[in-house]
1. How many partner chain Cβ atoms sit within 10 Å of a residue's Cβ in peptide B:190-196, on average, as a whole number?
2. Using the Cα gyration tensor of the stretch A:197-236, with a ≥ b ≥ c the square roots of its eigenvalues, what is the shape: rounded (a/c below 1.5), prolate (a/b larger than b/c) or oblate (neither)?
3. In degrees, nearest 10, range 0 to 90: what is the angle between the Cα axis of helix B:315-335 and the longest Cα principal axis of chain B?
4. With bins 10 Å wide starting at 0, give me the P(r) of the stretch A:217-335 over every alpha carbon pair, in whole percents.
5. Sticking with the crude label model, points 7 Å out along Cα→Cβ, report the distance from residue B:432 to residue A:276 in nm, one decimal please.
6. Tell me the Rg and the Dmax, in Å, that the Cα atoms of the stretch B:7-90 produce.
7. Note down the Stokes-Einstein diffusion coefficient of the protein assembly as shown in µm²/s, whole number, using a Kirkwood radius over alpha carbon pairs, 25 °C, and 0.890 mPa s.
8. Please work out whether the stretch A:415-464 counts as rounded, prolate or oblate from its C-alpha gyration tensor, where a ≥ b ≥ c are the square roots of the eigenvalues and a/c under 1.5 means rounded, while otherwise a/b larger than b/c means prolate and anything else oblate?
């Protein structure tokens, strides 16, 4: 059992290392939980992080690492149990170095994702991790949760964009792993063990990140498709023709466009009558290639797979296309989902899953479904909303049944109940229910080996 | 202390699960060590692998997993201590399934890499892992060692090509992780922990592997460059122009071409007079692009970075270019290296490293240096050979000093002393000397948690 971070404990840390807890530190973006914390530790360097962890270890006090607070599964929110110390890397937000010739950038863990992107762009490079919360999420949080987003199809998730980590383990030891190497087979892969461990195995204080050359030309189009199966065949066609130059392939359902019209009418929509299914395809091309021509060729080659299309004719138009996509989560939030599901499926199973899940949910009640997301990765956000005139509160009693219905079907099709958002505290039970028991046992053994007192983000990922 | 796999122990396993040890099972490809083994376990399925591991755990007997036996660091060779049981997946070599629409292939651990490549090709897909030993190495060995090779620049190493694993842990529990998902954030990344752990944390019995669409057109060229720095600038130019379509970028030194002339005169060489430095550049292009034209454009754009060039005019010629590259290790073997170094450096540090290492070695003695490898990954094979008329035996006394000289400089430039070959038993001391002590301590804690008796590949990676 852990101890609360009481006044006696806080007195063991220099006052300058602490600040009071603000509402933003303990609020959940979806408003489902309220966290607790005795204070927020705000270290300036890795040695101070180590000092804080040594103090927590000595007093057996839990520590909850905060990033930008945008996580959707409660990984940063500890609502009950002994009050923990919170730790924010807000004072460790520097871009330590950029190596354009090596396509490498070193960022402190507290760097905001948009600032990392901007530093890369200033060096004429691209840091491809891109997601709706990039203006506030921090890179250590992106790595701790193995964030995904819209460019995973081409460039991979946060894991794939990290070459090395500096991190502090539960006992305060500092891992010095900030190498700028593309290949390094010297021992176990602690980097990937920490990535995605959601702050339960260590605190990531800095990262060596992969940049890529900016494509010589970029383009985007909305293609209307008859159904998700056609969208998948369009993706295969695009990939066969374009040798890896498809950067994004997002599925959008009419429901999302309707929610946008309803809640964010200022967002410009490309079609007078919202079609049932649209894909947003994004290309990053070689020099000498014209994006609009390339997309027009793809449209022509697609035949019956595509019913209609709009091709961006300028950089501004491409940005407007993406703004539409990125505003869908905001529209969803304004409508208020009863239950949101961040799921992944084998690509080939998506049509069968979608054919099965709608009727299964209809047996529970009448809902509006907004199914959208990163189709190229098999990652759908399958979100269930009340019918017009009703609110999510009216459906609280059905929420568990809805979630179980969706997750059971995902499991049936050999999918994942958390594609990119992680386990946090929301899905601890799902992991126990759907996860491989052997994997869970190995995870518990690793947690016990690296954090025997269980002080790091207690109750996240694994039940405390 | 482990027990030897004596007759009493072997009698606990069904006879049909065992075969006698052959010389190939215990020989090292470079002839440096001779291994030992009481018998070779040859399971037919994962449950038999689990049975074997349970028997080893119960009797506290060491188990050394064998792949194709092509590893260069002794990871598959246990020369001393209690005689272990060997385990070969030679009877588990099936391609279980190919999902062309999903770009996924499921292979058993014993599948030979070339067979995986062929199965992908039969489905009009590419499995991009490609290395000199592909005709005999097995996929479980590739994954256990996180194999690299010639396409890492574009497609990543073995780690990056694996979506999921089936594996057996030291206590015989079976990890069921053969998902076909691009995104799955459900718990700690055991897949990447097992990948690169060289059989010390588990036995990989099957893998879900990423395929990629075959590029619409492929091409290759030899470009003569004045020095490695120009080669790096050429790489940056190619990447800026070609939006990720550079598949390989190999550095070749004149010494390698001379070794080929000397030992394999039948290998056709592209230049009448071997140039000092050549790069082999390989492209996989989008439809409508002409490889020879694209390479000619690159040649023209490169200006002074390229002194001369030969562009493959046919698929056969491209294959011949690659055959030259892939024969260099064979030529090296025939000459007989005193000391071979599989190193990685930050790309920007390569010129300074090369400027420093030659003079440093000259202070030890007179040698021929063949420096070649995967320049795009910062991965050089920096191999030191005797002068003509002398043999590697003449230099046994200097071998340690040579290795230390090279590795110290690699460490100075923040590189890796094992880029793609792993630690095995050869580099256990290097890992202890050059590795991060905090990483080593965490590795030992993980090893103790998952294999408390130390039965899995004892003495590999971590000292027993």
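1. Taking the mean over all residues of the peptide, I get 6.
2. oblate
3. In chain B, helix B:315-335 runs at an angle near 70 degrees to the longest axis.
4. Reading the bins upward from 0: 14, 47, 31, 8, 0.
5. For residue B:432 paired with residue A:276, the spin-label model returns 6.7 nm.
6. 12.3, 35
7. In µm²/s, the coefficient is 85.
8. Here the stretch A:415-464 falls in the oblate category.
Here, each number is a calculation from the coordinates, and none is a lab measurement. Quantities reported herein were computed from a predicted structural model and do not represent experimental measurements. For neighbour counting, all protein chains shown are included, and Cβ atoms are generated from backbone atoms with ideal geometry for every residue, glycine included.
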